[in-house]
Amino acid sequence: MNGAAALAAGEAAPIDPIQLRRALGSFVTGVTVVTTLTPSGEPVGLTVNSFNAVSLSPPLVLWSLALSAASFEAFDHASHFAVNVLAQDQRALSERFARTGGDKFGGVAWRKGIGGLPLLEGSAAHFACRTAMRYPGGDHVILIGEVLAHEHSERAPLVYARGRYAQIALG
Ligand SMILES: Cc1cc2nc3c(=O)[nH]c(=O)nc-3n(C[C@H](O)[C@H](O)[C@H](O)COP(=O)(O)O)c2cc1C
């Protein structure tokens, strides 16, 4: 029985990860690059669309990190991280930080924020966070950050849905 038939019959069916990914792609998100520093001070980052708001008071945000990510160790040990919300003209940065390995920061305009956290220039918003909580989440770990500082611009954010980038017309 496929997923749609199981839903119609009111029964649970084995979940096909590929179909699940397609269904989740119907949920429109922004795109972020989450960054941190290794213990030796090297910048690390990856493209993330699992970012979300949690709480305003206290100020909390979350994102989930694949256990398989090359940057997993760096974020697992990091006391702080930064979330760079990409602007609609930063699609190339999203693609660059979604590739594992290599020098992701080479030739990229970035500056150091609180604690030296890498902030990408031209982003729609930045959040500098303290890693407040870590929860197991299947093949990901869920990281909750306490927002220590933030800023945003009038740049329109980049949008992602159904595995593709999109632009929005803000009213
Ligand atoms: C739009 C988009 C969103 C992504 N969101 C996430 C995410 O939320 N969590 C995650 O672990 N990987 C996510 N990825 C995949 C990582 O960016 C990708 O696996 C990257 O190579 C990881 O870098 P690393 O292996 O250097 O750690 C996303 C990729 C794209 C293109």
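What number comes out for the charge environment of Gly102, summing +1 per Lys or Arg and -1 per Asp or Glu over other residues with Cβ under 15 Å away? Walk me through the numbers before you get to the answer.
On the way: positive: Arg96, Arg99, Lys104; negative: Glu42, Glu95, Asp103.
Spelling it out: positives minus negatives among the neighbours equals 0.
I'd like the FRET efficiency for Ser57 and Arg134, computed as 1/(1 + (r/R0)^6) with the beta carbon distance as r and R0 of 22 Å, rounded to 0.05. Can you show the working numbers first?
On the way: r = 22 Å, r/R0 = 0.98.
Between Ser57 and Arg134 the formula returns 0.55.
If packing is taken as the average number of other Cβ atoms within 10 Å across a peptide's residues, how do 100-112, 37-49 rank, most packed first? Don't skip to the end; give the middle numbers.
Values: 100-112: 12.2, 37-49: 16.9.
The most tightly packed comes first, giving 37-49, 100-112.
Which value, in debye to the nearest 20, gives the size of the charge dipole of the chain about its Cα centre, when Lys and Arg are +1 and Asp and Glu are -1 at the Cβ?
Working: 13 positive and 13 negative charges, 54 e Å.
The calculated dipole for the chain is roughly 260 debye.
For the peptides 53-61, 122-130, what is the packing order when you average, over each peptide's residues, the other Cβ atoms within 10 Å and list the highest mean first? Mind dumping the intermediate values first?
On the way: 53-61: 12.7, 122-130: 21.0.
Those peptides, ordered most packed to least, come out 122-130, 53-61.
Please give the FRET efficiency for Ala169 paired with Leu148, using the beta carbon to beta carbon distance and R0 = 35 Å, rounded to the nearest 0.05.
Working: r = 33 Å, r/R0 = 0.94.
With R0 = 35 Å, the Cβ-Cβ based efficiency is 0.60.
Counting pairs of Cα atoms in the range 1-59, how many percent are more than 14 Å apart? Mind dumping the intermediate values first?
Working: 1252 of 1711 pairs.
Summing the P(r) of the range 1-59 above 14 Å gives 73 percent of all pairs.
For the chain, state the average projected area of the convex hull of the C-alpha atoms over all orientations, rounded to one decimal in nm². Before the final figure, lay out the partial values.
Values: hull surface 47.1 nm².
Across all orientations, the chain yields a mean hull projection of 11.8 nm².
FYI, it's all coordinate maths here, none of it is from the lab. A quick note: this is a predicted structure, and the numbers were derived from the prediction, not measured. Quick reminder, even Gly has a Cβ in these numbers, built from the backbone with ideal geometry, and neighbours come from all protein chains shown.
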